[in-house]
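A.B. asks: The structure under discussion is supplied below as structure tokens; questions concerning it will follow.
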Amino acid sequence: MLHTVREWLCWERMWLPEKVSWSDLEDSEGRVYAKASQLYAALPCALCLLLVRFLFERYLATPLADLWGARDRIRLTAETNPVLEKHFCSQARLLSQVSDLRSLCEKTSWPERKVQVWFKRRRNQERPGLRKRFCEASWRCVFYLFAFVAGVLALYDKPWLYNLKEVWAGFPKQSMLPSQYYYYLLEMGFYLSLLLSLTFDVKRKDFKEQVTHHIATLTLLSFSWISNYIRIGTLVMACHDSADILLEGAKVFNYAKWQRTANTTFVVFTALFTLTRLVIFPFWLIHCTWVYPLEEFAPFFGYYFFNVMLLVLQILHLYWAVLISRMLLKLIFSKLEGDDRSDEEEDDSDSPKERNNKLSHINGSGARGRGANGH
């Protein structure tokens, strides 16, 4: 059975145009072609990036967070209650039903207000702190900047950057360049590292969409590597990285409470996102993969597969465009605070007296007070 699956996966008509075989893509006459076995290098690259990320967040991002006042908010701890803890862990984090609230009040002999406050505090305990979010955004901002610069260096002197028809000139017998190999390896290692770190990264409201995006991206990169769609692959990666730099940068400034800088960066990001993801990506790059190949060869399975995966990414772009437009409207007509995708902390004070006590802690003197005010 495994042999049959292997033969099916290696079937030339699935991945290559007619009259082209794997033997045509063997290294010869100074030409070097991408090989499927080279994809295994993405795993050690991902592990190296995780190590670099750990060192970056610990020795660079954390001190920067302290310098800019991005410190964790002082939280009130939920008192020990086995009945509420069991309900929280096994049934629901939110008390959406009035019957559930009343039932828990009867079991604990607590008033409704106290039970509600307990759930707020318990939810807050599981939310990531401001410093963790600051460090994550800093790492991604630095990586996207580095990756975008790498992409520019790999593309600036290539004819297919200025004339998209050159993407398919001589396809699939296009020799792989060293710059393309390292650019691919860097991007695949990064997105694989994001999947490996999902369990301890900040979990946002669009978590499922993020996972879908990472898997679709890795699938696209792997397929484009095997089928020698490398030229268009590098263009797609550079197109995506350009806007992500500003998105993560806006988050960093927001967590540091540089509101004016954060808002300006977000507005520029919105314009660049619209240009790259809603204009260039669908009308130039997807058009390049749908139309131009048909001038060179008849459509085959890989042609349809690659374009369908690009459409999946475009659907995700439209979803995020809606979220971004909501945030932009908040920025223009009211006040933008945080990220619509984030699970923000709730006010967990249960009385005016406790709120005053909490504020006295937050506004206290010394470094501790200054750190809380920074948040």
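The values are calculated or read from the model by the stated rules, or taken from the named source; none is laboratory data. This one's a predicted model, so the numbers in the text were calculated from it and none came from an experiment. Counting neighbours? That spans all protein chains shown, and the Cβs are built from the backbone with ideal geometry, glycine included.
A.B. asks: When you scan the stretch 224-232, do you find a residue that is under 20 Å from Ala46 (Cα atoms), surrounded by fewer than 17 Cβ atoms within 10 Å (Cβ to Cβ) and at pLDDT below 90, even just one?
C.D. replies: Taking every residue of the stretch 224-232 in turn, none turns out to be under 20 Å from Ala46 (Cα atoms), surrounded by fewer than 17 Cβ atoms within 10 Å (Cβ to Cβ) and at pLDDT below 90.
A.B. asks: Of (1) in a helix (DSSP H, G or I); (2) surrounded by 16 or more Cβ atoms within 10 Å (Cβ to Cβ); (3) modelled with pLDDT of 80 or more; (4) not basic (Lys, Arg), Ala70 satisfies all except one. Which?
C.D. replies: Of everything listed in (1) in a helix (DSSP H, G or I); (2) surrounded by 16 or more Cβ atoms within 10 Å (Cβ to Cβ); (3) modelled with pLDDT of 80 or more; (4) not basic (Lys, Arg), Ala70 misses just condition (1).
A.B. asks: Please work out which residue is farthest from Arg231 (Cα to Cα), limiting yourself to the stretch 287-307 and to residues that are surrounded by 19 or more Cβ atoms within 10 Å (Cβ to Cβ) and touching a Leu at 6+ places or on another chain (Cβ under 8 Å).
C.D. replies: Ranking the candidates gives Gly302 first.
A.B. asks: Of the residues Phe223, Phe207, Phe253, which is farther than 19 Å from Phe148 by Cβ and free of Cβ contacts under 8 Å to residues at least 40 places away in the same chain?
C.D. replies: Of the residues listed, the single one that is farther than 19 Å from Phe148 by Cβ and free of Cβ contacts under 8 Å to residues at least 40 places away in the same chain is Phe207.
A.B. asks: Let me ask something additional. Mind checking which pairs have a first residue in the stretch 269-287 that is closer than 16 Å to Val322 by Cβ and a second that is aromatic (Phe, Trp, Tyr), Cβ under 9 Å, 6 or more apart or different chains?
C.D. replies: If the second residue must be aromatic (Phe, Trp, Tyr), the pairs left are Phe273/Trp320; Arg277/Trp320.
A.B. asks: Write out, first by first residue and then by second, each pair whose Cβ atoms fall under 7 Å of each other, whose residues are 6+ apart or on separate chains, and whose first residue, in the stretch 176-204, is in the same structural domain as Ala216 (by TED's automatic domain parsing) while the second is crowded, with 21+ Cβ neighbours inside 10 Å and among the polar types (S, T, N, Q).
C.D. replies: Sorted first by the residue in the stretch 176-204, then by its partner, the pairs are Gln180/Thr234; Tyr183/Thr234; Tyr191/Thr217.
A.B. asks: State whether one or more residues within the stretch 249-261 are within 23 Å of Pro128 (Cβ to Cβ), touching an Asp or Glu at 6+ places or on another chain (Cβ under 9 Å), at pLDDT below 95 and basic (Lys, Arg).
C.D. replies: yes
A.B. asks: Give Arg102, Arg140, Arg113, Arg121 a once-over and let me know the one that is within 22 Å of Thr265 (Cβ to Cβ) and either part of a helix (DSSP H, G or I) or in the same structural domain as Leu60 (by TED's automatic domain parsing) (or both).
C.D. replies: The match here is Arg140.
A.B. asks: Out of Ser179, Ser224, report the one residue that is within 25 Å of Leu294 (Cβ to Cβ) and not in a loop (DSSP other than H, G, I, E, B). Write out each step before concluding.
C.D. replies: Details: Ser179 fails: within 25 Å of Leu294 (Cβ to Cβ).
Answer to the check: Ser224.
A.B. asks: Tally the residues that are surrounded by fewer than 21 Cβ atoms within 10 Å (Cβ to Cβ) and in a helix (DSSP H, G or I), restricting the search to the stretch 148-160.
C.D. replies: The number of residues fulfilling the criteria is 8.
A.B. asks: With over 18 Å from Tyr40 (Cβ atoms) and touching a strand residue (DSSP E or B) at 6+ places or on another chain (Cβ under 6 Å) as the only criterion, which of Ser197, Ser175 stands out?
C.D. replies: Just a single option satisfies the conditions, and that option is Ser175.
A.B. asks: Could I ask something else about it? What's the number of the only condition in (1) among the polar types (S, T, N, Q); (2) closer than 30 Å to Phe300 by Cα; (3) assigned to a loop (DSSP other than H, G, I, E, B) that Ser37 fails to meet?
C.D. replies: (3)
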